[in-house]
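Have a look at the structure below, then the notes.
The values are calculated or read from the model by the stated rules, or taken from the named source; none is laboratory data. Computed from a prediction, not measured in an experiment: that's the story for all the values here. Neighbour counts are summed over all protein chains in view; Cβ atoms, including those assigned to glycine, are modelled from backbone coordinates with ideal geometry. The accessibility values were calculated without ligands, DNA or RNA, using every heavy atom of the protein model including side chains. Shrake-Rupley method; radii C 1.70, N 1.55, O 1.52, S 1.80 Å.
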Amino acid sequence: MPLAASLAPPVFPPQLDDAAPRPRIDGPLKVTGAAMYTSDFNLPGMLYAVPVCATIASGTITSLDTARAERMPGVKAVYHRKNVGKLFRVAPVAGFSSYLDERRPPFEDDTVRYYGQYVAAVVALTYEQAVAGARAVKVTYKSEKPDLRDHFDPAQMTDREPKVDSHRGDPDAAFQTAAITLDQTYSTPTETHNPIELHASVASWDGQSFTLYETSQAVVNSREVLSQVLGVPIENVRVISRFLGSGFGGKLWPWTHAMIAAAAARNLNRPVKLVVSREMMFQSVGHRPETQQRIRLGATPQGKLVALMHDSINHTSILDDYAEGCSEATGYSYSTSNLRATSGIVRRNVGTPTSMRGPGAVPGLFALESAMDELAIKLNLDPVALRLANEPEKDEGLNLPFSSRHFVECLKTGAERFGWADRTPAVGSMKRDGVTLGWGVAGCSWIAVRMDTTASVELRDDGTVRVSTATQDIGTGTYTVLAQTVSRTLGIPIGRVDVVLGDTSLPAGPMSGGSWATASVIPAVIDAVEQAKQILFMAAAQTDGTPFSKQRPEALALANGRVTLKSGSAAVPFEEVLQKNNLRAAVGQGKSAGTMGDPSLKFSTHSFGAQFAEVTWEPEIARLRVSRVVTVIDGGHILNPKPARNQIEGAVVMGIGMALFEETKYDPRFGVPINNNLADYIVATNADSPQIDVTFLDYPDLVLNPLGARGIGEIGLAGIAPAITNAVYHATGVRVRELPVRIEDLLTA
Ligand code: MOS
């Protein structure tokens, strides 16, 4: 469904300031309920599928009795290994093409490797009938003792030697001889994404082709994966994801429920809807894995880092090798001649982990930025000063200049806005209204890259413009920023721009992940606008009775939506040029190439930031609150400050959840996530949200794209948890190295 121009807020006269804060053009659709999310699609004759989930975490299925379920009212089929039909694995490829984290298709064998693994699925006329049918399927198992140990021993790693992610100098020797050293281990727990919108699939099959409405952050990849799994040519699969009620990484890659829905639709020749329950969300659609990270720092007495070692381990599932990538930011954050970052994985009987809200760097920076705080205390140095003293001139890991790095300015601006100069370093020394305050700081960074993108821009004879690409708006403002870009480059009101996303029938676009979509899509859209203009100029030049006839196309320009002569003032609205030629549209196809993994890159491209947090601590009533956060973000040029600020504020709130609340607990006996609901899995809410002061430095990063935009989102979460635990130390004297903060640990200290 295109976003109708009439629903977008009209802006007259056209405002060409590209950095004007704008509300989202999809806002009206959302608040009126007109926006169609995946599970809103109800197709004629549609059936409902409900999976049967394994109730053991390790073992084999010895029998599966479906007879009772099959006789229940409304039940149309019960699918399992023997009758679902062929489902294939996806061939391995490098990079994010045909990518998925859980590679085993559903029902491939009788082995159960995690609690909640789908062992069957019941399809019925109504959802309630399918639920009742699923309950009536009787499964017996030969159960084995699952491995759910938390705390990892390097001896348990799948490879004896960890993977070296970054290395320079001789960190072991430098650490041995350093005047001041720190050797500590930090851990972050399993966390579950918990977007409010549940994962869902609505699958249909017409005898030849699938149409799959999916909760997807990456429809193009989803299509590649599902075509392979279902064994049909790629042109016989269309994946649609118009709106997403957030994904947080949990909807980046396809999961097995989508394959079940599609297989059932094909088998029954009727549309099938499958909505993953909140409980299942804790089991079978990914999670952030538990991480354990040892940090060793060596420094001179003045605080110059001479050695940095970061050794991380994360859990993964029994079959899939998910590496969290904790050391993503380690190699370039600080200057030191001697550094090594390694990583390894251990297997546990859990569902396959996946990217979650800033994978890698977010848990990695919890460890690194906690260690920097501990080192500052050892050195009796201000933690801001310690960071300033170790600012690198280039990315020493890649030995490349930074495209744009203003970390020092982030720290200084943040310190200024926070009032850091008033901080007294002694533990518990700061009070306000009788309440103990803690002030903490952490640096943050996030990788900025472009992904391959194609886009189409149509200048139409009714004066509107349609821009389309198969990326998605996952709630972050992609619809709006594309409308703005087109409005700005053509000089027309934003209300005349239709943006169409989230459909594999559009030109291939990137995943909405890594906070990379904006930087990737913008250059392709600008290119498409340019191509469309060239077509328009050729049409204008062949139009009799206008000032442009007999002109060369190169002599023409477009300004404020009008074709003009570069040399003169003649100006004709572009729609009139099209109308005179009986053309519906001038269509430009644009593209931009990805930069990820490009060995010819001459720059290290990242966003940076500084996070300052204040906590209030009231031991008498066991209350810890985050009362204030100041965040300064160097995220390139900010195209729309309104959703950008909104992204950072949301990320800060998630960071509070990460620091204080979020943790998925598995019962070590059975592997069941114990707190598998929103009552027991605590996420930060409005009541937990402090004053959040967001500043963007707004330095365009022209290495990434012509507008200098990098991307906003995950950077806002990076650094928040350590800023908070550093503040907790300042208030209480308790160093929290294992997230989340537990109030009892603060009280017993
Ligand atoms: Mo994000 S965790 O790359 O969706």
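Pairs under 6 Å by beta carbon, first residue closer than 20 Å to residue 444 by Cα in the range 635-646, partner polar (S, T, N, Q), six or more apart or different chains?
What qualifies is 635/607.
Which residues, counting only those in the range 188-234, are in a strand (DSSP E or B) and over 30 Å from residue 663 (Cα atoms)?
Selection gives 202, 203, 204, 205, 210, 211, 212, 213.
Within the range 556-578, work out how many residues are under 25 Å from residue 455 (Cβ atoms) and open to solvent by 60 Å² or more (accessible area, probe 1.4 Å).
Total meeting the criteria: 2.
Would you be able to tell me the number of residues in the range 414-432 that are within 16 Å of residue 387 (Cα to Cα), open to solvent by less than 40 Å² (accessible area, probe 1.4 Å) and among the hydrophobic types (A, V, I, L, M, F, W, C)?
Residues in the range 414-432 being within 16 Å of residue 387 (Cα to Cα), open to solvent by less than 40 Å² (accessible area, probe 1.4 Å) and among the hydrophobic types (A, V, I, L, M, F, W, C): 2 in total.
Output the residues belonging to the range 114-168 that are of a type in the set (Ser, Thr, Tyr), open to solvent by less than 30 Å² (accessible area, probe 1.4 Å) and not assigned by TED's automatic domain parsing to the domain that holds residue 55.
Of everything in the range 114-168, just one residue is of a type in the set (Ser, Thr, Tyr), open to solvent by less than 30 Å² (accessible area, probe 1.4 Å) and not assigned by TED's automatic domain parsing to the domain that holds residue 55, namely 166.
Does residue 317 meet the test of being open to solvent by less than 10 Å² (accessible area, probe 1.4 Å), out of contact with any helix residue (DSSP H, G or I) (no Cβ under 9 Å at 6 or more places or on another chain), modelled with pLDDT of 95 or more and more than 16 Å from the ligand (Cβ to nearest atom)? Walk me through how you get there before you give the answer.
On the way: open to solvent by less than 10 Å² (accessible area, probe 1.4 Å): yes; out of contact with any helix residue (DSSP H, G or I) (no Cβ under 9 Å at 6 or more places or on another chain): yes; modelled with pLDDT of 95 or more: yes; more than 16 Å from the ligand (Cβ to nearest atom): yes.
Yes.
For the structure I just gave you, tell me whether residue 726 is surrounded by fewer than 20 Cβ atoms within 10 Å (Cβ to Cβ) and out of contact with any Cys (no Cβ under 9 Å at 6 or more places or on another chain).
So residue 726 fails the test.
Looking at 630, 653, can you tell me which residue is under 13 Å from residue 689 (Cα atoms) and part of a strand (DSSP E or B)?
Working: 653 fails: part of a strand (DSSP E or B).
Of the residues listed, the single one that is under 13 Å from residue 689 (Cα atoms) and part of a strand (DSSP E or B) is 630.
Quick one: which residue in 521, 525 is closer than 14 Å to residue 456 by Cβ, crowded, with 24+ Cβ neighbours inside 10 Å and within 16 Å of the ligand (Cβ to nearest atom)?
Within the list 521, 525, the selection yields 521.
Return yes when residue 489 is within 16 Å of the ligand (Cβ to nearest atom), open to solvent by 20 Å² or more (accessible area, probe 1.4 Å) and either within 30 Å of residue 236 (Cβ to Cβ) or in contact with a helix residue (DSSP H, G or I) (Cβ under 7 Å, 6 or more places away or on another chain) (or both) and no when it is not.
no
I'd like the full set of residues that are farther than 15 Å from residue 714 by Cβ and within 16 Å of the ligand (Cβ to nearest atom), limited to the range 352-374.
Selection gives 352, 353.
Could you please let me know if residue 286 is within 16 Å of the ligand (Cβ to nearest atom) and open to solvent by 10 Å² or more (accessible area, probe 1.4 Å)?
Spelling it out, it is not the case that residue 286 is within 16 Å of the ligand (Cβ to nearest atom) and open to solvent by 10 Å² or more (accessible area, probe 1.4 Å).
Kindly provide the set of residues from the range 670-711 that are among the β-branched types (Val, Ile, Thr) and in a strand (DSSP E or B), ordered by number. Walk me through it before giving the result.
Taking the range 670-711 first, the residues among the β-branched types (Val, Ile, Thr) are 672, 674, 682-683, 685, 692, 694-695, 703.
Within the range 670-711, 692, 694, 695 meet the criteria.
Do we find that residue 679 is away from the ligand (no atom under 16 Å from the Cβ), in contact with a Gly (Cβ under 6 Å, 6 or more places away or on another chain) and of a type in the set (Gly, Ala, Ser) in this structure?
Details: away from the ligand (no atom under 16 Å from the Cβ): yes; in contact with a Gly (Cβ under 6 Å, 6 or more places away or on another chain): no; of a type in the set (Gly, Ala, Ser): yes.
Here the answer is no, as residue 679 does not meet what is asked.
Being over 30 Å from residue 176 (Cα atoms) and outside any strand (DSSP E or B) is the filter; apply it to the range 338-351 and report the residue that is nearest to the ligand (Cβ to nearest atom).
Out of the qualifying residues, it is 351.
Condition check: closer than 25 Å to residue 702 by Cα, more than 16 Å from the ligand (Cβ to nearest atom), in contact with a Ser or Thr (Cβ under 7 Å, 6 or more places away or on another chain) and open to solvent by less than 10 Å² (accessible area, probe 1.4 Å). Does residue 454 satisfy that?
Judged against the criteria, residue 454 is not a match.
Contact list please: Cβ distance under 8 Å, first residue in the range 247-262 and more than 20 Å from residue 473 (Cβ to Cβ), second residue within 8 Å of the ligand (Cβ to nearest atom), pairs at least six apart or on different chains.
Partner pairs satisfying both residue conditions: none exist.
Do the conditions hold for residue 343, that is, is it outside the structural domain of residue 476 (by TED's automatic domain parsing), farther than 20 Å from residue 150 by Cβ, open to solvent by 10 Å² or more (accessible area, probe 1.4 Å) and of a type in the set (Ser, Thr, Tyr)?
No.
In the set 732, 725, 695, 664, which member is touching a His at 6+ places or on another chain (Cβ under 9 Å) and in the same structural domain as residue 606 (by TED's automatic domain parsing)?
664
When you check residue 733 against the structure, is it out of contact with any Pro (no Cβ under 8 Å at 6 or more places or on another chain) and either at pLDDT below 95 or within 16 Å of the ligand (Cβ to nearest atom) (or both), yes or no?
no
Give the range 599-627 a look and list any residue that's assigned to a loop (DSSP other than H, G, I, E, B) and touching a residue at least 40 places away in the same chain (Cβ under 8 Å), or say none.
Residues of the range 599-627 assigned to a loop (DSSP other than H, G, I, E, B): 599-603, 605, 622.
Answer for the range 599-627, where residues must be assigned to a loop (DSSP other than H, G, I, E, B) and touching a residue at least 40 places away in the same chain (Cβ under 8 Å): 601, 602, 603, 605, 622.
Which residue pairs have Cβ atoms closer than 6 Å, lie 6 or more positions apart in sequence or on different chains, and pair a first residue in the range 349-363 that is on the phi < 0 side of the Ramachandran plot with a second residue that is of a type in the set (Lys, Arg) and within 9 Å of the ligand (Cβ to nearest atom)?
Listed by first residue and then by second, the contacts come to 356/288.
Only one of 224, 197 is assigned by TED's automatic domain parsing to the domain that holds residue 92, under 25 Å from the mean Cα position of the chain (by Cα) and open to solvent by 10 Å² or more (accessible area, probe 1.4 Å); which?
The unique qualifying residue is 224.
Tell me which strands (runs of 3 or more DSSP E) are completely within the range 395-473 and hold 3 or more residues being closer than 26 Å to residue 520 by Cα, or say none if there are none.
Of the strands (runs of 3 or more DSSP E) lying wholly inside the range 395-473, those with at least 3 residues that are closer than 26 Å to residue 520 by Cα span 435-447, 453-460, 465-468.
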